[in-house]
Amino acid sequence: MCNPRKITVTATRELAEAWQREVSRTAALSAEVLGEARVSQHVDESLGGPALQALEAALGGGDSGWREVEDGYRLDVEGGYAVYHVDERTLEIVAVRQEVVEATGEARAVLQGEVRDSLSAERQAGYYEDGYAGRTRERAEAEANQAAQRGLDAAARERIEQAGTAAEAAADSELRARAEAAARTRLEQAAAAQREELDRQAATHLAAVGLRCRQAFHALLARAYRDAILAYARRHGAEGVQCQENGDVLEIEFQLQS
C-alpha cells in the first residue's frame, strides 16, 4: 500500500426544465350580526311640564341606571335597551338579538415557468496507485463522477424549488386578496340571512324586553312624580309634608293653607 491519491471530477449541465406548482390561500372572516325590533311611544302625551322636567332630572341622576347618550338617556336590560329621546320626548324600546357569523374563502392558482441555468458540481474520490483494496483510479473517477451527477441533480431540484417559491411569493398578495374577497362575499350572504332570522327573534322577544324597560322607566317616573309633587308642596308652603314608599306604593301627604 502506497501513494494515496485523490481525483477531482467537475460535472456541468445546462438546465432547461419546465416546472408547475399548484398553490392556494384561504381566508376566514367573522362578523357580529344584530337583529332588532323596536317600538316608540310619546311620553309628553301623558305627562305635564313639571313631571317631564322632574323625569329628565331623574334620568340625569347618577343613581338612575340610565346613561347619557348623544340624544338622550339609555338603559340596557336583558335582551335589549331603552332610549329616552329628550328632544322628541319619546321612549324607544329595542329588542336585540346578536350572533357571530363566520365564513371562509379560498383562492387557487397554477403557477408555471421554466428554469434555464448552467450548473456545475465538483466532487473528489480517493485511490491508491497500486489499487490497494480495489481503490483504483478508474473506480475513484467513477465514484467522483456519480457524486458530481447527484450534486447536479440536487442543484437542479433546488433551482426549480427556488423558482416555484419565488413565483408563489410574488402571487401571495393577489391570492390572499382573492381569498378574502370570496370570504367577504360569503360572509355578507350569511350575515344577511342570519340578520333576517335575528330580526324575527327580536320581534318575538320585543314584548318581554318592553316589559323590563317599562318597569324601569315607570320606577323612575314614580320618582319624578314624587319630586314634582314635593317641589310643588315646598313652593306653596305646604305643612306636614310626609312621603312614604312601600314597595310599589308611594304615599305623599301635606296640607296647603287656603
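Let me confirm something: among ALA54, ALA140, ALA95, which residue is at pLDDT 90 or above, buried (at least 16 other Cβ atoms within 10 Å of the Cβ) and under 30 Å from ARG223 (Cα atoms)?
ALA95
Does any residue of segment 145-161 turn out to be loosely packed, with under 14 Cβ neighbours inside 10 Å and touching a residue at least 60 places away in the same chain (Cβ under 8 Å)?
No, every residue in segment 145-161 fails to be loosely packed, with under 14 Cβ neighbours inside 10 Å and touching a residue at least 60 places away in the same chain (Cβ under 8 Å).
A quick yes/no check of all residues on (1) in a helix (DSSP H, G or I); (2) within 30 Å of ARG97 (Cα to Cα); (3) charged (D, E, K, R); (4) out of contact with any Gly (no Cβ under 7 Å at 6 or more places or on another chain):
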| site | (1), (2), (3), (4) |
| --- | --- |
| ALA163 | yes, no, no, no |
| GLU168 | yes, no, yes, yes |
| ALA171 | yes, no, no, yes |
| LEU175 | yes, no, no, yes |
| ARG178 | yes, no, yes, yes |
| GLN194 | yes, yes, no, yes |
| ASP199 | yes, yes, yes, no |
| ALA202 | yes, yes, no, no |
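What residue, of LEU187, LEU175, is hydrophobic (A, V, I, L, M, F, W, C), surrounded by 15 or more Cβ atoms within 10 Å (Cβ to Cβ) and closer than 18 Å to SER24 by Cβ?
Going through LEU187, LEU175 in turn, just one is hydrophobic (A, V, I, L, M, F, W, C), surrounded by 15 or more Cβ atoms within 10 Å (Cβ to Cβ) and closer than 18 Å to SER24 by Cβ: LEU175.
What tally of residues in segment 72-83 results from selecting those that are in a strand (DSSP E or B) and in contact with a helix residue (DSSP H, G or I) (Cβ under 6 Å, 6 or more places away or on another chain)?
Number of matching residues: 5.
Evaluate the following for ALA140: is it over 30 Å from ASP76 (Cβ atoms), in contact (Cβ under 8 Å) with a residue 40 or more places away in the chain and part of a helix (DSSP H, G or I)?
Criteria met by ALA140.
For segment 120-137, which residues satisfy the criterion of being surrounded by fewer than 18 Cβ atoms within 10 Å (Cβ to Cβ) and touching a helix residue (DSSP H, G or I) at 6+ places or on another chain (Cβ under 7 Å)?
GLU122, GLN124, GLY126
Identify, please: which residue in segment 98-119 is of a type in the set (Asp, Glu) and surrounded by 14 or more Cβ atoms within 10 Å (Cβ to Cβ) and is, among those, farthest from GLU188 (Cα to Cα)? Walk me through how you get there before you give the answer.
Looking only at segment 98-119, we keep the residues that are of a type in the set (Asp, Glu), and these are 99, 102, 106, 114, 117.
Still in the running and surrounded by 14 or more Cβ atoms within 10 Å (Cβ to Cβ): 99, 117.
On the way: GLU99: 14, ASP117: 49 Å.
For segment 98-119, the residue satisfying everything is ASP117.
Is it fair to say THR90 is among the β-branched types (Val, Ile, Thr), surrounded by fewer than 20 Cβ atoms within 10 Å (Cβ to Cβ) and either closer than 18 Å to GLY210 by Cα or modelled with pLDDT under 90 (or both)?
Numbers: among the β-branched types (Val, Ile, Thr): yes; surrounded by fewer than 20 Cβ atoms within 10 Å (Cβ to Cβ): yes; either closer than 18 Å to GLY210 by Cα or modelled with pLDDT under 90 (or both): yes.
Yes: the conditions hold for THR90.
For segment 199-258, give me each residue that is among the aromatic types (Phe, Trp, Tyr), surrounded by fewer than 16 Cβ atoms within 10 Å (Cβ to Cβ) and either in contact with a Leu (Cβ under 8 Å, 6 or more places away or on another chain) or modelled with pLDDT of 90 or more (or both).
None - no residue of segment 199-258 is among the aromatic types (Phe, Trp, Tyr), surrounded by fewer than 16 Cβ atoms within 10 Å (Cβ to Cβ) and either in contact with a Leu (Cβ under 8 Å, 6 or more places away or on another chain) or modelled with pLDDT of 90 or more (or both), so the list stays empty.
The values are calculated or read from the model by the stated rules, or taken from the named source; none is laboratory data. Predicted model, so just to flag it, every value in this text is computed and none were measured. Every residue, glycine as well, gets a Cβ built from its backbone with ideal geometry; the counts of neighbours run over all protein chains shown.
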